[in-house]
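Structure, as structure tokens:
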Amino acid sequence: SSPLAMNQSELGDRKALRSIATDGKSENEFDIEWGGFLTNHLSHGQWALDTLGAKYELRETYTRLYKERLCIANEDGNKINSVEELLELQGQRRDFLPQKKFFQEEISHHGAGKTISIHLPSLIHGLAGAALHPIIHIAVGILSKKEDVIAEGLAYLNHSYLAPIDTCNTNVTDHDQENIAAASRHRREQVAANAVDAALAKTPSAPLAMSGRFQRAMGGLLSDAKSVHALRDEAHAQIPLDVSSDNAVVDTKTNNTKYTYIDRLFIHILRIYVGTGSNDYFLLHGLHCAFSLQVIFDEYPSLPTKVKMDGSNALKLALVATEWIQGYQAILHDWKEPWERITDSAKQDLSPPLLMEKASKWIEGRIQSLLDEDASVPRNEHVYKCAAMCNISICRMIEERSNADIFNNELECQKTIDLCAAVDLCMSCDFYGRGIGEKPTKAVDISLEH
């Protein structure tokens with residue numbers, strides 16, 4: 001709500017929360033990571049709780065407990081005076097604060113939109129760094145209308161930049177590659193497991209030397225030409241999109257429905273996250289990143305098509321790499337399974353628009369039950385973020401249904417049910433795949449945490 005619409009109680013709550021969040025310190029003093037390699041999610045949880053309409057007690061408790069783990073940003077590092085100096089630090093995972101100050105100054109001079117349009121083309125290829133968090137951080141800044149958070153996200157994207165190796169200048173050819181698209185599921189699992197084991201057995205680059213298993217595996221996969229070729233083949237086999245010049249794809253089932261490339265990637269990773277049923281921590285990161293890239297593209301529609309395509313392609317590769325790192329889990333649950341439980345109606349008795357209305361009310365009910373839990377013991381912020389993301393997504397689907405034909409296809413019904421199932425899944429059990437809970441591989445010690 002806007003400040004003009006707030007009553008005095010709401011204004012008092014927000015002032016109190018700002019005081020709790022900083023505890024006498026400027027929010028700008030907190031580092032982007034804590035505990036070695038863990039992303040500072042304070043702004044993520046605050047945005048999600050605010051979006052969900054959480055009461056003051058829950059927001060206060062979350063903020064107070066979360067800030068206790070945070071570190072003060074290291075003041076080391078010289079002031080960055082040019083883009084060239086900024087790019088010298090790209091992917092080095094050091095001197096975060098000077099990079100953040102650089103982007104704060106850029107936003108002060110140009111505004112957030114112009115700053116993103118200037119710098120995103122040189123950053124978007126590296127979105128796989130820091131477990132996909134920089135793109136998520138930028139989107140949180142956009143959604144919460146906080147330019148400092150946007151500056152943090154851009155700085156984090158440069159700080160932890162991790163792009164796939166350029167395979168054009170390598171000796172790997174198509175003749176060296178197995179036709180993954182034609183291989184059996186069992187064979188593809190073997191290819192994935194072998195690639196991840198090889199990635200983790202490599203000596204990591206210096207910036208990733210102290211990171212956890214997930215990020216070391218991501219760095220190893222993306223730095224190996226053969227692995228990048230295999231990831232691209234797997235991505236094409238899983239997501240064979242016919243992309244047109246306007247960054248849209250044609251739904252072959254209806255021939256008249258278009259989705260943006262990033263829309264289809266969101267639907268894909270949503271199905272993977274829900275279909276595996278494991279509540280996998282890093283598959284959820286992939287889902288949040290796909291949603292966040294949508295937010296950025298929607299907020300700044302004038303971004304060049306090439307930037308959107310580069311971002312979508314980088315995300316597609318990172319999503320498949322995430323699937324591999326997390327054990328290439330099988331899809332165990334069809335999207336239609338929870339239909340009657342969610343809608344209280346047989347499938348044939350519900351039109352897609354009515355399905356969305358019922359799904360929206362169902363998600364609202366689950367959110368209310370989440371907010372009614374004991375406020376003294378907040379959930380992991382990823383639960384609140386997932387619920388907020390899914391609620392926003394279903395509301396947008398309802399708002400955009402002016403052309404009813406867009407929704408008369410199975411893909412939109414699948415997306416609707418999967419959004420409900422994602423809220424249910426993230427609330428239902430502990431996350432799988434964090435630190436020592438990750439699926440082990442045969443050759444690598446995974447004792448380090450994420």
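Details
- Scoring Val228 on the criteria (1) over 19 Å from Ala330 (Cβ atoms); (2) β-branched (Val, Ile, Thr); (3) open to solvent by 20 Å² or more (accessible area, probe 1.4 Å) leaves a single failure, condition (3).
- Of all the residues in the stretch 198-224, those that are out of contact with any Lys or Arg (no Cβ under 6 Å at 6 or more places or on another chain) and surrounded by fewer than 18 Cβ atoms within 10 Å (Cβ to Cβ) number 7.
- Conditions (1) farther than 29 Å from Leu200 by Cα; (2) surrounded by 16 or more Cβ atoms within 10 Å (Cβ to Cβ): number failed by Glu400: (2)
- Only listed residue being without any contact (Cβ under 8 Å) to a residue 60 or more places away in the chain and either under 23 Å from the mean Cα position of the chain (by Cα) or not in a helix (DSSP H, G or I) (or both), chosen from Ser345, Ser376: Ser345
- Those residues of the stretch 300-325 which are in contact (Cβ under 8 Å) with a residue 60 or more places away in the chain and open to solvent by 20 Å² or more (accessible area, probe 1.4 Å), in sequence order: Tyr300, Ser302, Pro304, Thr305, Lys306, Lys308, Met309, Asp310, Lys316
- Scanning the stretch 135-166 for residues that are touching a His at 6+ places or on another chain (Cβ under 6 Å) and either closer than 27 Å to Ser227 by Cβ or at pLDDT below 95 (or both) yields a total of 3.
- Count of residues meeting criterion [open to solvent by 40 Å² or more (accessible area, probe 1.4 Å), over 29 Å from Arg366 (Cβ atoms) and at pLDDT 95 or above] in the stretch 32-66: 0
- Filtered by the rule that a residue be closer than 22 Å to Met389 by Cα and either of a type in the set (Ser, Thr, Tyr) or open to solvent by 20 Å² or more (accessible area, probe 1.4 Å) (or both), the stretch 118-165 gives Leu143, Ser144, Lys145, Lys146, Glu147, Asp148, Glu152, Tyr156.
- Glu357 being more than 23 Å from Ile417 (Cα to Cα) and surrounded by fewer than 20 Cβ atoms within 10 Å (Cβ to Cβ): no
- If the condition is being part of a helix (DSSP H, G or I), farther than 18 Å from Ile32 by Cβ and open to solvent by less than 80 Å² (accessible area, probe 1.4 Å), then the stretch 77-99 contributes Val83, Glu85, Leu87.
- Gly220 being closer than 19 Å to Arg93 by Cα, in contact (Cβ under 8 Å) with a residue 12 or more places away in the chain and touching a helix residue (DSSP H, G or I) at 6+ places or on another chain (Cβ under 6 Å): yes
- Checked against the criterion of being closer than 20 Å to Tyr281 by Cβ and within 25 Å of the chain's Cα centre (by Cα), the candidates Ile331, Ile363 yield just one match: Ile331.
- Conditions (1) open to solvent by 10 Å² or more (accessible area, probe 1.4 Å); (2) closer than 15 Å to Gln414 by Cα; (3) out of contact with any strand residue (DSSP E or B) (no Cβ under 6 Å at 6 or more places or on another chain); (4) touching a residue at least 12 places away in the same chain (Cβ under 8 Å): number failed by Leu350: (4)
- Scan of the stretch 60-76 for residues that are in contact with a Gly (Cβ under 9 Å, 6 or more places away or on another chain) and assigned to a helix (DSSP H, G or I), ordered by number: Tyr62, Thr63, Tyr66
- Entirely in the stretch 100-211, the helices (runs of 4 or more DSSP H) that have 2 or more residues that are among the aliphatic types (A, V, I, L, M), more than 25 Å from Gly45 (Cβ to Cβ) and in contact (Cβ under 8 Å) with a residue 60 or more places away in the chain: 185-201
- Any hit, the stretch 326-336, residues being outside any loop (DSSP other than H, G, I, E, B), closer than 28 Å to Tyr384 by Cβ, open to solvent by less than 30 Å² (accessible area, probe 1.4 Å) and touching a helix residue (DSSP H, G or I) at 6+ places or on another chain (Cβ under 9 Å): no
The values are calculated or read from the model by the stated rules, or taken from the named source; none is laboratory data. None of these values were measured; they are calculated from a predicted model. Ideal geometry is used to build each Cβ from the backbone, glycine not excepted, and the neighbour counts take in all protein chains shown. Accessible surface is based on the protein model in full, side chains and every heavy atom, while ligands, DNA and RNA are left aside. Shrake-Rupley method; radii C 1.70, N 1.55, O 1.52, S 1.80 Å.
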